[in-house]
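Structure first, commentary second.
The values are calculated or read from the model by the stated rules, or taken from the named source; none is laboratory data. No experiment lies behind these values; they were computed from the predicted model shown. Cβ: placed from backbone, ideal geometry, glycine included. Neighbour counts: every protein chain shown.
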Amino acid sequence: MALITEWARRINDLAKEDMLIDPLIVCQNLSGSLLQVQSQPIAGVMRFLARTAKPGSTLPYLLTRMAAQLIYARYKVMHVPSGSGISYITAYGQNQVPLSRHDLFYTYQGLSRGGQYVITVRMPLLDPILPAGNDLPSGVTLEQFQQNWAGYVAATKLKLDAQRDMDFTPDLVLMSNLVNCIGYHP
């Protein structure tokens, strides 16, 4: 109960920061259309769990997104009581502009034991190393910034990977504990 109380307090703190992403936890039965529509991302998660895949430029995300994955960091495979999956922090967008501290979210993409359910968690994150807005660096045009997009993403990923779990709000250990608490009843 203490974990849920702490999680609720942290989510409330994020709401005060005007976060734009709503918290979401989904346990979806793998039947019919979901399996057909999302079979590639599900297969991607399964390859990571079998350790036959390595992170590339993007990671699998099981829910439909109307934007591209701009960045990911802090990737890890998780084996939890409800199943197994991958967790990471990420941002999605439709343009190449500097990320703001409000753009990131924590996600867990997994499958239940026995593979009958998809388990997806998406929680907003605040990160103190990113700027408050999406403004370009002083003296840099949008075209110049976009020409160096790959370098910007690589440098930002290194910074995110170097941070401690507690540097994020909510703390990434809290997010992992939340995933560990997920249960489902078929």
In this structure, does Ala73 turn out to be over 24 Å from Leu174 (Cβ atoms) and either modelled with pLDDT under 90 or within 15 Å of the chain's Cα centre (by Cα) (or both)?
-> no
Kindly provide the set of residues from the stretch 87-96 that are out of contact with any Asp or Glu (no Cβ under 7 Å at 6 or more places or on another chain), under 10 Å from Tyr72 (Cβ atoms) and not aromatic (Phe, Trp, Tyr), ordered by number.
-> Ile89, Thr90
Quick count over the stretch 153-164, residues being under 14 Å from the mean Cα position of the chain (by Cα) and either of a type in the set (Lys, Arg) or surrounded by fewer than 16 Cβ atoms within 10 Å (Cβ to Cβ) (or both), is 2
Which condition breaks for Ser84 when tested against (1) assigned to a loop (DSSP other than H, G, I, E, B); (2) at pLDDT below 90; (3) closer than 25 Å to Asp171 by Cα?
-> (1)
Got a number for residues in the stretch 138-183 being at pLDDT below 90 and either assigned to a loop (DSSP other than H, G, I, E, B) or under 18 Å from Leu70 (Cα atoms) (or both)?
-> 2
Looking across the stretch 58-70 at residues that are crowded, with 16+ Cβ neighbours inside 10 Å and aliphatic (A, V, I, L, M), the single one that is modelled with the lowest pLDDT is Leu62
